Structures are given as structure tokens and as C-alpha cells.
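**Q** Take this structure first; my questions come after.
The values are calculated or read from the model by the stated rules, or taken from the named source; none is laboratory data. Given the structure is predicted, the values throughout are model-derived calculations rather than measurements. So basically every Cβ, Gly included, is an ideal-geometry build from the backbone, and we count neighbours across all protein chains shown. Just so you know, the surface numbers come from the protein's heavy atoms only, side chains and all, with ligands and any DNA or RNA stripped out. Shrake-Rupley method; radii C 1.70, N 1.55, O 1.52, S 1.80 Å.
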Amino acid sequence: MKKIILLSVILLSQAIFAQYPVWINSFDTPADLQGWTFHDLNGNGNGWIQGQNIYHNGTTLTYGTSGVLRYSINLVPTGNATGFAAENDWIISPEIDLTNAGGNITLAGYLGRQRSTHTSVSRDVYIFVSTPQKQVPGLSDFQQMATDAQNSGGATYKFSATSNLPTDLTQFAESLINISAFAGKKIYIGLWSNRITTGSAPNSQNINIDEMAIFASVLATKEVKTTQNITKVVENPVADYLQLKLNPGLKESTTTATIYNMAGQEIAKENYSKNINVTALTAGTYITVISDGIITERVKFIKK
Ligand SMILES: [Ca+2]
Ligand SMILES: [Ca+2]
């Protein structure tokens with residue numbers, strides 16, 4: 001449902017562009033936060049976590065059923081985290097590879113609120129670009145970005161939901177950020193726990209993020225062709241069964257194959273197997289996203 005909303009928005013506004021998924025993190029299980037780095041700088045045991053969404057059911061705070069990336073100063077069923085006034089917690093993503101992404105690149109976030117009194121749910125998004133001089137950022141790089149943002153009147157990139165927040169607190173609002181400026185780069189995303197009460201979209205501390213995803217209108221393939229140890233289609237075009245030579249880095253038992261058509265619509269998703277049944281597909285060109293949650297690759301194939 002979420003991706004359909006995203007696609008409909010993009011298709012309406014940019015009808016001539018297909019949107020390919022470049023990176024998706026559902027935050028559904030603890031494994032979805034592998035590679036992310038956590039910092040609880042005020043040391044109160046409260047920080048960013050993967051878990052169930054929190055919402056107020058009218059009587060009490062309770063857990064929902066969605067796996068989310070959550071930041072909460074509220075305890076379930078009641079109360080506030082000790083020391084929340086001095087919260088200073090970061091989470092930093094693993095490397096997100098946009099070297100094959102071009103055109104219009106969109107970072108989508110699906111935001112949930114924890115109380116109906118929270119009329120704005122927003123979060124500054126800090127993006128570090130990997131360079132040959134500094135490939136992997138440190139916490140201080142993100143702290144500097146946050147300081148620079150505060151000194152210059154606000155962060156450049158921001159997840160924000162206000163009037164589109166669903167009344168049903170177990171549902172999520174879509175927020176889209178144009179990150180086309182990062183085409184061809186390798187980036188890291190950092191989120192802070194900071195509460196900023198000024199500006200048009202003040203940061204709120206409590207937030208449920210059901211999913212984050214990056215879509216691009218153009219996928220280059222030159223990198224794919226020149227890189228060793230990468231997933232390939234054994235025989236293309238494909239008749240009934242898509243067979244892949246998997247990147248050895250992928251953990252086969254947890255790898256999934258998600259097939260998209262050239263309009264960027266998800267057609268099928270299944271666990272990886274040696275013979276992926278594609279008999280139901282109509283003839284044409286497709287992209288399959290192969291991911292074990294840590295490594296994600298995209299392979300184009302033609303169905304006969
Ligand atoms: Ca903390
Ligand atoms: Ca989720």
C-alpha cells in the first residue's frame with residue numbers, strides 16, 4: 001500500500017519517469033538495522049530502536065503491530081523516559097550506494113505519530129557524501145552538519161508530515177525528499193533526536209518511521225557491468241524460470257527477489273531460489289531487486 005501511494009504521487013507529478021527502487025529499509029525486524037550505528041550520547045538507555053510502533057489508543061500508550069524505526073521519549077504504557085530533556089541520540093545508516101542512480105531521486109519516509117495531539121511529525125535528515133578522502137563518516141561529521149544547519153536557519157533535508165497525518169495512529173504519512181543532488185554518490189543518512197521548536201516544520205522527538213526508501217528515475221548499468229562478484233542472470237532472455245548467479249556476498253537463506261516492471265511497479269516478491277518461477281509474467285523487460293537486507297542489487301532481465 002505504501003509504495004502504491006508513493007508511485008501514484010510520483011506518476012502524477014512526473015508522469016514521464018519510471019521510478020526504480022534503489023534502496024528500501026522496512027525496519028520490520030532487528031536485522032533491518034544491521035549496519036546502522038547507534039549513539040546514546042546522554043547515556044540514559046533511551047535512543048533510536050527498531051521495534052513496534054508506539055501509539056496512544058485513547059486510554060494508554062501501547063504498541064502497534066508495525067515494525068518501525070522508533071524514537072520515543074514516552075514509555076509504554078505511561079510515563080516519560082528519564083533524562084529526556086537532555087536527549088542527544090543519533091542513528092547513522094550504512095552506506096547507501098547511489099552510484100547507479102540518476103535523474104530524479106526521491107527519498108521517501110513513512111512517518112507515524114504517537115498521539116493525536118502531535119500535529120506535526122518531522123525530523124531533520126542529514127546526508128553525508130562519501131569521498132575518497134573520507135569514505136566513512138564519523139559521528140562528528142553529522143554533529144557538524146547539525147550545527148551548520150542550526151546556524152544557517154534549518155536543515156536542508158527534512159522528513160515532515162502535518163496535515164497528511166492519518167487520524168488512525170497506527171497508519172503512516174508519506175514524506176518525500178528530493179535528493180537528486182546525490183546522483184552517482186555514496187551517501188550515509190543520519191537522524192538526530194533533537195527537538196527543534198521553531199520553523200515551519202519543527203522537529204518532534206517522538207516518531208515512528210515505518211519505512212524509508214529511495215527511488216530513482218534513471219538507473220545506470222555501467223557499474224554493474226564492470227564490477228566483479230555481482231549477481232548475474234544465467235541465461236537471458238528468460239523462459240519460465242529466472243536463474244541467477246548470486247553475488248557470493250549475499251546470504252542465500254535470507255535473500256529475497258522482488259520483481260518490478262519498467263513502470264517501477266512491484267509485480268512479485270519471493271524468497272530466493274535457484275529457479276525463480278516467472279511463468280506468470282507477461283513478455284517484457286523487468287528489474288529484479290535481490291537483497292538479503294544487507295546487500296541489495298538490481299538485475300534487469302527480459303521475459304520471453
Ligand atoms: Ca538517550
Ligand atoms: Ca515497517
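**Q** Using the Karplus curve 6.51 cos²θ - 1.76 cosθ + 1.60 with θ = phi - 60°, what ³J(HN,Hα) values do you get for each residue of the range 83-97, in whole Hz, with x for Gly and Pro?
**A** The phi angles translate into x, 5, 5, 10, 4, 8, 10, 10, 9, 10, 6, x, 4, 10, 8 Hz.
**Q** As an exercise, use a Förster radius of 45 Å and the Cβ-Cβ distance of residue 304 and residue 65 to find the FRET efficiency, rounded to the nearest 0.05. Display every interim value, and only then the final one.
**A** Numbers: r = 41 Å, r/R0 = 0.91.
For R0 = 45 Å, the calculated efficiency reads 0.65.
**Q** Can I ask one more? With a probe of 1.4 Å, find how much accessible area the range 251-304 has per residue, and write the answer as a whole number in Å². Kindly include the intermediate steps, with their values, before the conclusion.
**A** Details: 2710 Å² over 54 residues.
On a per-residue basis, 50 Å².
**Q** Given a Förster radius of 22 Å and the C-beta distance between residue 140 and residue 99 as r, what FRET efficiency does 1/(1 + (r/R0)^6) yield to the nearest 0.05?
**A** On the way: r = 25 Å, r/R0 = 1.15.
It comes to 0.30.
**Q** Here is a further query. Helix 2-13 against the longest principal axis of the chain: what's the angle in degrees, Cα atoms only, rounded to the nearest 10?
**A** 80
**Q** Could you work out how much longer the chain between residue 195 and residue 252 gets when fully extended? Use 0.36 nm per residue separation minus the Cα distance between them, nm to one decimal.
**A** Numbers: separation 57, 0.36 × 57 = 20.52 nm, distance 4.12 nm.
Result for the pair: 16.4 nm of gain on full extension.
**Q** Roughly how many nanometres apart are two label points built 7 Å out from the Cα toward the Cβ at residue 85 and residue 178?
**A** 4.2
**Q** In Å², and per residue, what accessible area does the range 4-217 have when probed at 1.4 Å with the other protein chains present? Mind showing how you got there, number by number?
**A** On the way: 9130 Å² over 214 residues.
Heavy-atom accessible area per residue stands at 43 Å².
**Q** Any chance you could check the Cα centroid distance between the range 230-304 and the range 14-80 for me, in angstrom?
**A** 29
**Q** Mind checking the dipole of the chain: about its Cα centre, +1 per Lys or Arg Cβ, -1 per Asp or Glu Cβ, Debye to the nearest 20?
**A** Dipole of the chain, to the nearest 20 debye: 600 debye.
**Q** Please find the FRET efficiency linking residue 147 to residue 269, where r is the Cβ-Cβ separation and R0 is fixed at 45 Å, and quote it to the nearest 0.05. If you can, show how the numbers build up before the last one.
**A** Values: r = 42 Å, r/R0 = 0.92.
Step by step, r from the Cβ atoms, then E = 0.60.
**Q** Between helix 139-151 and the chain, what is the angle of the helix's C-alpha long axis to the longest principal axis, kept within 0 to 90° and rounded to the nearest 10?
**A** Approximately 60 degrees, to the nearest 10.
**Q** Near the amide H of residue 104, under 5 Å away, which other amide H atoms are found, from residues 5 or more places off or on another chain, if H is placed in the peptide plane?
**A** Residues meeting the criterion, in which the H sits 1.01 Å from N, are 217, 218.
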